[in-house]
Amino acid sequence: MRKYREELKTIIYRVASILLITFLPCAGLLMVYVFTAPRIAEYYDIKEKRAVLDIFNIPYRVREQSIAGFTFKSFDKKDIRDVFRKNITVEEPKVAWEVQPAGTQTAEGQPKGKGGKKLYKYMKDGTLQGIGFVESKMGYGYNKSSTISLFICVEPDLETLKGIEVLDHSETPGLGGRITEESFKSQFAGKKVRPKILVVRGKKAEGVNEVDAITGATNTSRGIEAFLNDAMKEFWEGQGDITW
């Protein structure tokens, strides 16, 4: 009987130890998530608002600080929210189109449409300056197990790109990661997306719908090309006969 009790104690001790060892890391991860989730959500919200304002060349307050010869920039979050709210109209599309849900935070306080898709419109002096939307898709770059997220903006004709901003990606730094560089992104402004955009390799982009590929990042370049063409096809199909 005594031996049985000792064995039972040992089993209970081992089970308790396993439960404790399992519980502590899980509790720690939960606490980290609870603490960081709002900060991450705020980060993506501000990043998305900045992307929209940047495409439309709407200024907002930026602070610069020099430390040991290096210049660091910080953004006034309150000012960004205020400028965004005063200038940008966020609407659900009049006709829903099927898309993969956006991977970034959407505008604060705005109702979600089908699939979480929203249209960002900028009116200046009563004239529409452009329409944009956030699109997130998996498997379009070199790292096909990750998501690429872009803000895509077109002119009122819905056929000319006003610009693109990269919101999220997992491409290789120095190669596919160069999609975030201004020299690559700026090429898209003014390019025609109908019938489709072309990312050319091995020659200089000259056509109204052509941009230069990233050297050494063929898969990512092809991915961006397919991404934009698929996103715009879905966008046009969703608008139907609507004229803005």
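The values are calculated or read from the model by the stated rules, or taken from the named source; none is laboratory data. Small disclaimer: the values here were computed from a predicted structure and weren't measured. All Cβ positions, glycine included, derive from the backbone under ideal geometry; neighbour counts span all protein chains shown.
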Condition set touching a helix residue (DSSP H, G or I) at 6+ places or on another chain (Cβ under 9 Å), of a type in the set (Gly, Ala, Ser) and not in a strand (DSSP E or B), scope the range 120-145, selection farthest from Arg222 (Cα to Cα): answer is Gly139
Residue count, the range 55-70, condition closer than 30 Å to Ile131 by Cα and either β-branched (Val, Ile, Thr) or without any contact (Cβ under 8 Å) to a residue 12 or more places away in the chain (or both), comes to 4
ask   = Does the range 198-208 include one or more residues that are touching a Leu at 6+ places or on another chain (Cβ under 9 Å), in contact (Cβ under 8 Å) with a residue 12 or more places away in the chain and under 23 Å from Val52 (Cα atoms)?
value = no
Within the range 67-86, can one find any residue that is touching a strand residue (DSSP E or B) at 6+ places or on another chain (Cβ under 9 Å), among the hydroxyl-bearing types (Ser, Thr, Tyr), surrounded by 13 or more Cβ atoms within 10 Å (Cβ to Cβ) and modelled with pLDDT of 75 or more? no
Just one listed residue, out of Tyr44, Tyr4, Tyr13, is under 30 Å from Glu165 (Cβ atoms) and not charged (D, E, K, R), and it is Tyr44
Among strands (runs of 3 or more DSSP E) entirely within the range 146-244, at least 2 residues that are under 30 Å from Lys124 (Cα atoms) occur in 147-154, 161-168, 210-212
Residues of the range 191-218 being closer than 14 Å to Arg178 by Cα, in contact with a Gly (Cβ under 9 Å, 6 or more places away or on another chain) and surrounded by fewer than 16 Cβ atoms within 10 Å (Cβ to Cβ), in sequence order, are Gly216
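To keep it simple, each residue is scored yes or no on (1) in contact with a helix residue (DSSP H, G or I) (Cβ under 8 Å, 6 or more places away or on another chain); (2) assigned to a helix (DSSP H, G or I); (3) at pLDDT 80 or above.
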| residue | (1), (2), (3) |
| --- | --- |
| Lys9 | no, yes, no |
| Val15 | no, yes, no |
| Leu20 | no, yes, no |
| Leu30 | no, yes, no |
| Ala37 | no, yes, yes |
| Lys49 | yes, yes, yes |
